[in-house]
1. Per residue of segment B:160-176, what does 6.51 cos²θ - 1.76 cosθ + 1.60 with θ = phi - 60° give for ³J(HN,Hα)? Whole Hz please, x for Gly and Pro, Karplus curve as stated.
2. Can you compute the charge dipole magnitude of segment B:75-120 about its Cα centre, using +1 on each Lys and Arg Cβ and -1 on each Asp and Glu Cβ, nothing else charged? Give it in debye, rounded to the nearest 20.
3. Once both axes come from the Cα atoms, what is the angle between helix A:71-81 and the longest principal axis of chain A, in degrees from 0 to 90, rounded to 10?
4. Under a 5 Å amide H to amide H cut-off, with H placed in plane at 1.01 Å, what residues pair with residue B:230 once short-range neighbours are removed?
5. Based only on Cα atoms, what Rg/Rh ratio does the protein assembly as shown have, Rh being taken as Kirkwood's radius?
6. Pick out, from B:264, B:198, B:225, the residue whose Cα sits farthest towards the positive end of the charge dipole of segment B:129-281, with +1 on the Cβ of Lys and Arg and -1 on the Cβ of Asp and Glu.
7. Given R₀ = 56 Å, what would the calculated FRET efficiency be for residue B:271 paired with residue B:18, taking r from the Cβ atoms and rounding to 0.05?
8. Among B:18, B:142, A:57, which comes first, second and so on when ranked by fewest other beta-carbon atoms within 10 Å?
Amino acid sequence: MIDPHLHHVPRLGRHPSRFRLAGTPVITVMLGSFLTALPVIAQSPVMPPFGLLLLLSWRLLRPDLWRTWIGLPLGLFDDMMSGQPIGSAMSLWTVALIGIDMIEHRMVWRSYRQDWLIAALAIIFCIAGGLFFARITGGGNVRFLLVAPQMVWTILLFPFVVRQCARIDRWRVMA
Amino acid sequence: MARPTSRRPGINRKAQYSLFASYVVAVTGAAAGLLLVVVAIFDPTGFSAIRIATAEIGRPVSMALKGMVSGVSSLDEVLAAYWRAGSQNVALRRQVEADRNRIIEAKGVAQENLRLKKLLKLVDADASQVLTARLIASSATSTRRFARLNAGRWQGVRPGMPVRAPEGLIGRIHIATPNSSDVLLLTDTSNIVPVRRTNDNIPAISTGLGDGTVEIRALTAGRNPFKPGDLLVTSGIGGVYQPNIPVAVVVRAQGEIAYGVPLANPGRVDAVVVERAFEEAVTRPGPAAPPMSEEGVADNGATP
């Protein structure tokens, strides 16, 4: 016999609330951007951009969840939390989402590996674009090699984040 | 995985228009974002007001977390100290013996200084310090090196003020919001600090490299005068930083450039001190003598 208080048991005929369905992905991405509030005084760009990782995970996991403009508000929030100039993630994330839409038109049948490849391209584009924006807005002469380690472990972290997103997604759609 | 349905509206006109409109909004928004970045090229701190909301939300969270983990950050140091405890203990004891005499001498010199200053009627009012606060977070994902300070405009912090720790220079205030502010760290690639070598006053310029080290270029002609072990302090040129704040120690010289490591690690320091900009502290109008002398002149004029 199953004690309903021990495990979360989905019940027939119940639907999750609209807020849970629509709000969970947005809130998780914002929490990812909010991770820069952790009390770590970093000496180099070491922390992976978790906001971007979660955005890509949700986008590739649930293609019909968002329109491409979702990159604008979420990117603005990320810009406010990270030290990047305002508008940087706004434009880069939206362009990345539009690019993913275009790829989706070409590659109809995709598997998990192609998704990882797409995410890797998007991560490289966003981090390199962020570096470029930081450089032109008074950041001085920043070398590309400085962000290479961050790119590598952000790409390596993607499968883990997708897995966690899928876990959250299962909770999201079950009442 | 097959192509999702929402991106393939079929013959449904309404769905087609909705999809098209979403792309129009996205492209327009991306262009607007680019425009904001272009504005930031000319005015890097222009939209700092937008950050107030997130800064106010983030501050209590960071503060609470900081209180929890302040012991964890120095864990590696504690472990490293255990490693060579015996030999280190002996070496440190010898160091203390050697330093004791120096300290006594220094105390004597300080006292003599005080006495001489009294003789000269010099009052050394060092009112450059604004407040002491803690660094609570940083831009860990960005290539820029900012740290968030737990004090802002309402506490008297203004952009451009130098920030230091007892060990050395940390950076200067970049943006000040009501209750917190962003500190441009010494290691940021846009932070340029005029420095000098302590023993012979060779002027140089320190620029951050973004990876926790700084690049030092001498302002003198000829070959690179720096060698590993050289200590650099601020020279006071430019009017932002007070002179003689420790900045960095040179670790490597290569061609015309020397590489240094900052003396104060922002991740380790407990509290930092925000100071007034040097020029402001020097030229601040004090209780001036002119009224006295004017009276004197008037008296002199009246008596004859």
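Values in this text are rule-based calculations from the coordinates and carry no lab data. What you are looking at is a predicted structure, and each value in this text was computed from that prediction instead of being measured. For neighbour counting, all protein chains shown are included, and Cβ atoms are generated from backbone atoms with ideal geometry for every residue, glycine included.
1. Taking θ as phi minus 60°, the curve returns x, 6, x, 10, 9, 10, x, 6, x, 6, 9, x, 9, 5, 9, 10, 10 Hz for segment B:160-176.
2. Roughly 320 debye, rounded to the nearest 20.
3. Here the helix axis deviates by roughly 60 degrees.
4. Those lying under 5 Å, H to H, from residue B:230 are B:250.
5. When Rh is taken as the Kirkwood radius, the ratio is 1.09.
6. Of the candidates, B:264 comes out farthest on the positive side.
7. Numbers: r = 55 Å, r/R0 = 0.97.
It comes out at approximately 0.55.
8. Ranked by crowding around the Cβ, least crowded first: B:18, A:57, B:142.
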